[in-house]
Amino acid sequence: VLQGYAAEMDNPLIAHLIPTELQNKKDILFGNMEEIYHFHNRIFLRELEKYIEYPELVGRCFLDQMEDFQIYEKYCQNKPRSESLWRQFSDSVFFQECQRKLDHKLSLDSYLLKPVQRITKYQLLLKEMLKYSKNCEGAEDLQEALTSILGILKAVNDSMHQIAITGYDGNLNELGKLLMQGSFNVWTDHKKGHSKVKDLARFKPMQRHLFLHEKAVLFCKKREENGEGYEKAPSYSYKHSLNMAAVGITENVKGDAKKFEIWYNAREEVYIIQAPTPEVKATWVNEIRKVLT
């Protein structure tokens, strides 16, 4: 892909085949695929080869390189931009010509999906290795490597949702790390509101997608898009946010093991949040408690 497509975009002999709007868009189309390739080729593959005789110790190899695996997050975040570009120009003569020269059965987009598939496959391979390495040396490293890779997958997944937030004025990066995101039923109860509003609010929950950052929690409304692939990915229109410095939490709401409360400014605003399961609630309450303490 890097030689037969990316490098060809700089080849003066076929430059005339490239649509004008596609010129100078190489970085968007291929993201940091080259960085991923060099990491595997120069570093990770060589490390793996050291363990050919001792496969059960391979967990160490992942742990030593774990920081480098974050290059996948960058790749996945760019993926929607890359896909939208590909959809505009997929039938251009340039791509057809490159595919013909490479003698590839599949078009470029199948190959651009590879890094995404690769990072999700590692956890399956590690799980499988753990299954056969229960009591041997290296099992702990394998377990730790699996946990770390799952952490990276969660970060990739969360960031894919975060880049779909629309209508937020500020800079999301200033809110600190994104810790959790998910969909909930939310009831509100505001002291200041008209009493009629209060009564109405008690009964009908709103569907909200929450993003918990270190410095704020964002409430968004999910909009399903129609389309293919990432087009179908939902977008989240920003509604409001609460600064974590002024947030309090009530962990149990009587009568429902899935509910908890987030309140703001000494209970001036109260949000009753209902998670899909008690387990999801427990994870969120835990994370929020960590931020508050």
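The values are calculated or read from the model by the stated rules, or taken from the named source; none is laboratory data. As the structure is a prediction and not an experimental result, all values here were calculated from the model. Positions of Cβ are generated from backbone atoms using ideal geometry, with glycine treated the same way; all protein chains shown enter the neighbour counts. Only protein heavy atoms, including side chains, enter the accessible area calculation; ligands, DNA and RNA are left aside. Shrake-Rupley method; radii C 1.70, N 1.55, O 1.52, S 1.80 Å.
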Exactly one of (1) of a type outside the set (A, V, I, L, M); (2) farther than 16 Å from TYR122 by Cα; (3) modelled with pLDDT of 95 or more is unmet by PHE39. Its number?
(2)
Filter the range 88-98 for residues that are free of Cβ contacts under 8 Å to residues at least 60 places away in the same chain and within 30 Å of the chain's Cα centre (by Cα) and give the result.
SER90, ASP91
Flag for LEU124 being of a type outside the set (D, E, K, R) and over 26 Å from ARG60 (Cβ atoms)
no
Under the condition of being of a type outside the set (Gly, Ala, Ser) and in a loop (DSSP other than H, G, I, E, B), which residue from the range 87-111 is least open to solvent (accessible area, probe 1.4 Å)?
HIS104
In the range 10-18, is there at least one residue being within 28 Å of GLU128 (Cβ to Cβ) and open to solvent by 90 Å² or more (accessible area, probe 1.4 Å)?
no
Does the range 71-86 contain any residue that is among the aliphatic types (A, V, I, L, M) and not in a helix (DSSP H, G or I)?
no
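Per-residue answers, yes or no, for (1) modelled with pLDDT of 95 or more; (2) charged (D, E, K, R); (3) open to solvent by 80 Å² or more (accessible area, probe 1.4 Å); (4) over 22 Å from VAL285 (Cα atoms):
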site: ASN135; (1), (2), (3), (4): no, no, yes, yes
site: ALA139; (1), (2), (3), (4): no, no, no, yes
site: ILE165; (1), (2), (3), (4): no, no, no, yes
site: PHE184; (1), (2), (3), (4): yes, no, no, no
LYS74: open to solvent by 50 Å² or more (accessible area, probe 1.4 Å), closer than 21 Å to ASN41 by Cβ and of a type in the set (Lys, Arg), yes or no?
yes
Out of LYS134, LYS79, LYS74, report the one residue that is closer than 25 Å to ASP10 by Cα, of a type in the set (Lys, Arg) and without any contact (Cβ under 8 Å) to a residue 60 or more places away in the chain.
LYS74
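Quick grid of which residues meet (1) charged (D, E, K, R); (2) at pLDDT below 95:
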site: ASP256; (1), (2): yes, yes
site: LYS259; (1), (2): yes, no
site: TYR264; (1), (2): no, yes
site: ARG267; (1), (2): yes, yes
site: ILE273; (1), (2): no, no
site: PRO276; (1), (2): no, no
site: LYS281; (1), (2): yes, no
site: ILE288; (1), (2): no, no
Taking the condition open to solvent by 30 Å² or more (accessible area, probe 1.4 Å), among the small types (Gly, Ala, Ser) and modelled with pLDDT under 90, does GLY170 pass?
yes
All positions within the range 117-133 that are open to solvent by 100 Å² or more (accessible area, probe 1.4 Å) and not in a helix (DSSP H, G or I):
TYR132
Can you pull out the residues in the range 239-293 that are in a strand (DSSP E or B), hydroxyl-bearing (Ser, Thr, Tyr) and over 29 Å from ARG223 (Cβ atoms)?
THR250
